[in-house]
Amino acid sequence: MQRKEQILMTAVRLFNDKGYANVSLREIAKEAGTTIGNLTYHFPKKEDLVLNLLDTLQTKFILDVPYDKHRAELLSHLLNSFLTAEENEKEHPFYYKNIYELTMGSETLANRNKEFQKNLYDYYMQIFTTLREDGVLKKTVRNCDIAAMVYIIVLSTATWLQGNAPYQNELLPNFSVSQTLSHMVYGNISEDYQEEFRKLRKEKKLDMEENGIP
């Protein structure tokens, strides 16, 4: 493992364990088995560690828009993207739990996060537009309906780990964000593809019946 990658992995572990604000560069260097000089050569500021992590998350999550995928294959890709987002956020909870504080303290991080959300928005707009053109979505689904769905997806995946989010409320049903989003999409699927979509959700354990709700 390269030194830069080792430093980043150590920083992420410490941020997750102790919180971003409670970890210093010197502590990261010590835990990574390197010097503060070597660490600051790769990451001059603590903010640079988060920026590097954000680049990694974007690369892992937003691949090229799947122009070659259609119908059932594209539906499967869509559901996998929900699961990937959830997986990313569970691996790096410190970032998603503290997006507001992190971006308020750094204009660079704030702008990068805005770009990430815009990329997500464009990515899902392309997917849903293709699904509608392929007849997978109901004919009655309008551009504004697609835009609203995409907005909810971007909003949900950005906030579901925050402490005051409904997903953290033990008084509410225990749904994952992937289950919730896939159920929202299901209401817009055309009759010809509803059974296929139900099968895909069941295969990926995204069916809400898993939680006792038919």
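Structural remarks
- Structure-based [θ]222 nm, the chain - -39500 (n - 2.57) summed over DSSP H runs of at least 4, per residue, nearest 500: -21500 deg cm²/dmol
- Exposure proxy for 192, 145: other Cβ atoms within 10 Å of each Cβ, ordered fewest to most, give 192, 145.
- Straightening the chain between residue 170 and residue 191 buys 4.1 nm, computed as 0.36 nm per residue apart minus the Cα-Cα spacing.
- Remark: for residue pairs 18/45; 90/139; 46/205; 138/199; 4/114; 139/199, the C-alpha separation exceeds 29 Å in 90/139; 46/205.
- Whole-Hz couplings from phi, Karplus 6.51/-1.76/1.60, listed for the stretch 171-188; x for Gly and Pro: 7, 9, x, 8, 9, 7, 5, 5, 4, 4, 5, 5, 5, 4, 5, 3, x, 10
- Once the chain from residue 45 to residue 91 is taken as fully extended at 0.36 nm per residue, the excess over their C-alpha distance is 14.3 nm.
- Once the Cα-Cα distance is subtracted from the 0.36 nm per residue extended length, the residue 129 to residue 143 segment shows a gain of 4.2 nm.
- For residue 137, distant residues with modelled amide H under 5 Å away: 132, 190
- Sparsely packed loop sites in the stretch 5-81 (the GluC sites (Glu not before Pro) outside DSSP H, G, I, E and B with at most 15 other Cβ atoms within 10 Å) do not occur.
- Across all directions, the average flat footprint of the convex hull enclosing the Cα atoms of the chain is 13.5 nm².
- Taking trypsin sites (Lys or Arg not before Pro) across the stretch 7-62, the ones in a DSSP loop with at most 16 further Cβ atoms lying within 10 angstrom of their Cβ are 45.
- Reachable aspartates and glutamates from residue 204, criterion Cα separation under 14 angstrom, eight or more residues apart if same chain: 73, 86, 87, 196
- In a simple Cβ point-charge model (Lys, Arg +1; Asp, Glu -1; nothing else charged), the chain has a dipole of about 420 debye relative to its Cα centre.
- Farthest toward the positive end of the dipole of the stretch 48-211, out of 188, 175, 158, is the Cα of 188, where the dipole comes from beta carbon charges about the Cα centre.
- Positive-end extreme of charge dipole, the chain - chosen from 59, 82, 70 (charges on Cβ): 59
Bear in mind these aren't lab numbers, they're just calculated from the coordinates by the rules spelled out. A quick note: this is a predicted structure, and the numbers were derived from the prediction, not measured. As a convention, Cβ positions derive from the backbone with ideal geometry for all residues, glycine included, and neighbour counts pool all protein chains shown.
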